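First comes the structure, then the notes that go with it.
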Amino acid sequence: MKSTEDLNRVMDAYADMIRRICFVHLKNKHDTEDVFQNVYMKYLLYEGTFESSEHEKAWFVRVTINACTDWLRYFSRRKWMPLEMIREEEEVLDSMSSEVLEAVLELPEKYRNVIYLYYYEEYSAVEIAKILEKKENTIYTWLSRAKDMLRKKLGGEWK
């Protein structure tokens, strides 16, 4: 089990990122907090070691995405939440504009994941491929398709 110092260090380093990932997937502040706690419980119980801070960050990203997927699978019988309600909880994602947020949230999950990791967490396509355990070319294809979808919804150019 990890020490209090380790927990405080990773909370300072990754808490905002984990909350954003959870919110992008779950679209609900309360579920976000539940999964957030689950991710840190998994960290406390994790007995492995990390090769570097990047490895540790990638572990948190992967565990968070998996925890969100598990949460959604477990609660799949729950009703959906309209995007209007998400606006009320946007303070979690204060750096995103609401128009872009809505467009990203409407993307299928695989595209939403790569857009989030690429643009908001600034991972390269190669790093995303490792995190999501997919081929690099798959990530490039998903990024291209997601950007096309966003371009159609929002109009204009995406990098």
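How do 36-43, 134-141 rank on mean C-beta neighbours within 10 Å, highest first?
For the peptides 36-43, 134-141, the packing ranking is 36-43, 134-141.
Within region 1-64, what whole-number % of the accessible surface is contributed by carbon and sulfur, with the 1.4 Å probe and all protein chains included in the calculation?
C and S fraction of accessible area: 49 percent.
Starting from the Cα-Cα distance between Arg73 and Arg145, subtract it from 0.36 nm times their residue separation and give me the gain in nm to one decimal.
Here the segment from Arg73 to Arg145 would lengthen by 23.4 nm.
Under the 0.36 nm per residue contour assumption, what length would be gained going from the current alpha-carbon distance of Asp34 and Glu102 to full extension?
22.2 nm
What is the packing order of peptides 119-132, 12-25, 49-62, taking the mean over residues of other C-beta atoms within 10 Å and listing the highest first?
Result, highest mean first: 12-25, 119-132, 49-62.
Normalised radius of gyration for region 3-49, please: alpha carbon Rg relative to 2.2 N^0.38 Å, two decimal places.
My calculation over the Cα atoms of region 3-49 gives 1.17.
Please list 3J(HN,Hα) in residue order for region 7-18, calculated via the Karplus relation 6.51 cos²θ - 1.76 cosθ + 1.60 where θ = phi - 60°; whole Hz, with x for glycine and proline.
Rounded to whole hertz, the list is 4, 4, 4, 6, 5, 4, 7, 10, 4, 5, 4, 5.
The values are calculated or read from the model by the stated rules, or taken from the named source; none is laboratory data. What you see is a predicted model, and the numbers here were worked out from it, not measured in a lab. No Cβ is skipped: glycine too gets one built from the backbone with ideal geometry, and neighbour counts run over all protein chains shown. For accessibility, only protein heavy atoms count, side chains too; no ligands or nucleic acids. Shrake-Rupley method; radii C 1.70, N 1.55, O 1.52, S 1.80 Å.
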